[in-house]
1. At THR341 and ASP449, where each label point lies 7 Å from the Cα along Cα→Cβ, what is the point-to-point distance in nanometres?
2. Where does segment 356-512 land on Rg(C-alpha)/(2.2 N^0.38 Å)?
3. Between LEU130 and residues 5 or more places away or on another chain, which pairs have amide H atoms under 5 Å apart, with H built 1.01 Å from N, and which residues are they?
4. With a sphere of radius 13 Å drawn around the Cβ of PRO300, what net charge do the other residues whose Cβ falls strictly inside it have (Lys, Arg +1; Asp, Glu -1)?
5. Just for segment 176-247, what percent of DSSP beta bridges are antiparallel, to the closest 5?
6. Taking a cut-off of 30 Å between Cα atoms, list the lysines near LYS57, but don't count ones fewer than 8 places away on the same chain.
7. What ranking of CYS326, CYS359 emerges when the number of other C-beta atoms within 10 Å of each C-beta is taken as an exposure proxy, fewest first?
8. May I have the pair-distance distribution P(r) for segment 252-543, computed from all Cα-Cα distances with 5 Å bins from 0 and rounded to whole percent?
Amino acid sequence: MRGAVKGVVIGGVCAAMLGGAGYGLYNVASALSGGGGTGGGGTASVKSGPPGADEVKDTTARFFAAWEKGDAPAAASYTNYPEAARQLLTAYGGDAHIGKVRVTPGAVTGTTVPFTVRATVSYGGTSRPLAYRSSLTVVRGETSHRPLVDWRPSVVHPELRKGDTLVTGGSAAAPIQAVDRDGRVLTAAKYPSLAPVLDELRKRYGDKAGGRAGVELDIRHAGTGGTGAADTQLLTLVKGRPGKLRTTFSASAQAAAETAVAKYPNASVVAVQPSTGEILAVANNRADGFDAALLGERAPGSTMKIVSAATLIDNGLTSAGGKAPCPATAVWQSQTFHNLTGLRANENATLSESFARSCNTAFVKFADDVSPDSLTKEAEERFGLGRNNWRIGVPSFDGRVPATGGPDTAAALIGQGQVQMSPLNMASVTATATTGAFRQPVLVPLSLDGREPARARGLSSGTVAQLRAMMNRTATSGTAAPTMAGLSGSIGAKTGSAESDGQAKSDSWFTGYRDDVAAAALVQDGGHGIDAAGPIVASVLRNAR
């Protein structure tokens, strides 16, 4: 939006302040209207427990009626956070220019009321209808003991979150028509996971794609103005002229990724082209809308053993055919490490065998031989991780492999401790392992805005040959074999699972390659690598073109 358009913060307000000031405002409004009295000067009985059906019906009817009239203070008085509600409801009719509001409640379930809103947005002599569905819940006030609408921004619109603003006016950036590498149009309607990516691409490159800005009703997210997420468009009043923006995406790979993650909650996947670093697909299936594929920060578990194995090889500690015993347990600085249940110990195992079977203890045993910063240097200097300098075209997390001491030295070798990765990072790791060259992932050409890519030394041909052989063994006869079965061409993979505090199940990780496509997936609380993340990666590798 243009700077002249005023926004209102739709955020959470300090509960301690609202607990006093908010309820105080409600009580004053109630007293003035007579709602706070007891009648005849007697003492009112204090109700407790969830509001009853009649209370839910009466409260929502009063709230909706005031909202429809544009009486923000009155509507806010029926909520448990009246000041925050008043600000948003005032902006709804003011900064957002929304009027002629009609709210139709649906069938009540307990204390939850779904409803439909139909309204009109008018700006600069142009009007457009607006319709959407939302819901609210009625709770009993903590101090007033009255039935109140449990206030949150999503009551006003389901896409509003803490810290958002709602504005109507000239858009901040021209619209874009994003196309894939073959010129096929990419839309959020067809590829839902791309919605935040397309918003960000428009924010950054709308003015470079040759388009003309229009007039819109937008959600402006917290921090927008260079640091926050891009505006989310809700309604177009006057169409701008879109400029064409070519991306590195592959529509076929994106379609495969969207279908694959849809089968698992909290799933994310990224596919890249190892020979170029170009990102082919980004997909998420998360209720919170977070782009974990590009921005996630999770322990990668045993997929990190690709970097760990490279560290051992490059530092001359062992080789693919060298010794890497796999005992039942390994102790490092009083911390005992175990393998997956059912994994048979083998004191004569090679690194290739321990890698393919995902033996934790084999890698932990090398903690005595590596310096605290060996893994960090390998990650940064050869795989390009952890320097916070990737410029892919939209915000991304670049991985974190800090130099550590104590038990974390051993934990880092198996992708636990303080090591953090995203699916994008692990797809890039696999790409580097299979080609030897670190090519910073990109979504749009570097030449579009003169971005300088991150750089790293990459790997020697000897290290690459050993990593490819170990990953191929993992995919054909190791822990990834059941998932990768049936894939033709040059293939390789690595499974992983990572435990996080407070989780009932481990995170499921899997990364793999097939010819010139590398992909990595994360499913939070998904279990073992082959349980959830594996099928996602295999599906993308099978269908990517």
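Here, each number is a calculation from the coordinates, and none is a lab measurement. Computed from a predicted structure; not experimentally measured. With ideal geometry, Cβ positions are generated from the backbone for all residues, glycine too; neighbour counts draw on all protein chains shown.
1. In this crude spin-label approximation the distance works out to 4.9 nm.
2. After normalising by residue count via 2.2 N^0.38 Å, the value is 1.08.
3. Counting only residues 5 or more places away or on other chains, the set is ALA119, THR120, VAL121.
4. +1
5. Antiparallel: roughly 65 percent of the beta bridges in segment 176-247.
6. LYS47, LYS69, LYS100, LYS162
7. Going from least to most buried by this count: CYS326, CYS359.
8. 1, 6, 14, 19, 21, 18, 12, 6, 2, 1, 0
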